[in-house]
Structure formats: C-alpha cells, structure tokens
Amino acid sequence: MKTLIIVAHPNFEDSATQQFLQHNYPQEDVTWHRLTDQQIDVGHEQALLQAHTRIIFQFPLYWYSMPAILREWQDLVLTAGFAYGRGATLGAKEFGIVVSMGQPVTEYQAGGKEEYTISELLKPLQAMAHKLNWQYAKPLVISQFQYMTVHQRLQLVMQYHQYLTQVGTGFDAQQAWYCAQLQKRIKATDDSEVQAKLKLILAQIQANTDELTELHWTVDMIRDGEET
C-alpha cells in the first residue's frame, strides 16, 4: 500500500507542527506532497492520486475548515470524468485527515468554546469521500502541539506512523502493525542486546494476542451495553 500525504499550510516554514511531521513521517511507501503557491499542475496531481492507495489531507484548521489552497486543489483536480461520474478512472481509495489546531480539542464539543465537534466540522470532507467512493478513516487530530511534552511528541510520531501505514482497521490490525514495526526494528539494528529486548517484546505480544483480542471484545461489549 502506498500513501500520499497532501500537505496544505500557507505558512509551512513557520509551522512547528508541520516541520515536526515532515521530519518524522515514515518514508517507505509514503509520499510527502506539499501544495505551494505555484500554479497547480492538474495532470501531475491526478497522476499522484492514481499511483497511491491511501490519500491523506494534512492541514491546520482555519475558520472551521481547510486552507484555501486545498479547496482550490479540490476544484481543479477532483473533476467529473476523472474522480467521479461517468467514465471516472480514479477508483476507490482510503482517505484520512491529519488536522492540527491551536485550541484544546476538548473545546470542540457542545457547550465548549467552539461548540461543534471536529467530526461535525469535517463533514464536507466526509461527504467528498462518499462521493468519490473513498473509505473514510477517523481523523488524526493534533491539538496544541506547542504545549506537548517530549513524551507526548514521541507518542504522536507513533500515532502518525500508524495512521499512515496501518493496513485495515480494528484491534487485530493494530496488533499486526505493532508486530510489523518491531520486526523492522529488529532487522534494522546490529545491537544484539537491543535485538534481544525487541524480540522479547514481540514474542510477548504474539503470545498474548488471543487474550488481548478477547479482552478488547469484552470492553467493546461493555461499552455498547452502556451506550444502549
């Protein structure tokens, strides 16, 4: 699976969030594509979409929406006959959103300062995905990056990598992704002590997979019962 990150930020060089993500994205099978003030090359953009399976829109939340350059990209690139409608050739994709904001995410709820949830504000993009027959993923929300601790930023790197590269959804897919990452780390290091520790962690995860899956199902059943 190949992932295309379409980055839209009018002040990219001044954005600590975007600079951090650019320096920490997984480069294997992932293309970082930043939109600039230059004229959009429609043919090139459409070729990029066709060459990737998962499409990510990455942008800061501006006035409860996305930056104008990404809106212009939509108008020019996602045309009838290519992305949708009769004779469309783009095909189904997986679609995700990485959105950053300066306000606490807890303010985006009924009764909060911003009143509406992130899911509500991003409905137009969900509608776009539906029209294009793209599978819509729950957005990755980055709130107040400038106040994150070192530990929180390390967690963000892991979440970002997982969001861009995990195949499938659900608990089993998460377990498979973590195991795959550990296996890559084991192969990449020449330190025998580090290898031994990583192999031990991998073995523990694999040995407990069935138990963890059952526990996850139980938690889901309890949660569903509370909601009903």
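The values are calculated or read from the model by the stated rules, or taken from the named source; none is laboratory data. The model shown is predicted, which means the values in this text are computed figures rather than measured ones. A quick note on method: Cβ atoms are made from the backbone with ideal geometry, for glycine too, and the neighbour counts reach across all protein chains shown. Ligands, DNA and RNA are stripped out before the accessible areas are found, and what is left, the full protein with its side chains, is counted by its heavy atoms. Shrake-Rupley method; radii C 1.70, N 1.55, O 1.52, S 1.80 Å.
Would you mind putting 80-88, 121-129 in packing order, based on average other-beta-carbon counts within 10 Å, highest first?
Details: 80-88: 12.3, 121-129: 16.7.
With the highest mean Cβ count within 10 Å placed first, the list reads 121-129, 80-88.
Return the long-range amide H neighbours of GLN135 (sequence gap of 5 or more, or a different chain), with a cut-off of under 5 Å between placed amide H atoms.
Long-range HN contacts for GLN135: LYS93, GLU94, PHE95.
How large is the accessible surface of MET1 in square angstrom, using a 1.4 angstrom probe and rounding to the nearest 10?
80
Dipole of segment 1-127 (Lys/Arg Cβ +1, Asp/Glu Cβ -1, origin at the Cα centre): which of ALA51, ALA68, ILE6 lies farthest to the positive side?
ALA51
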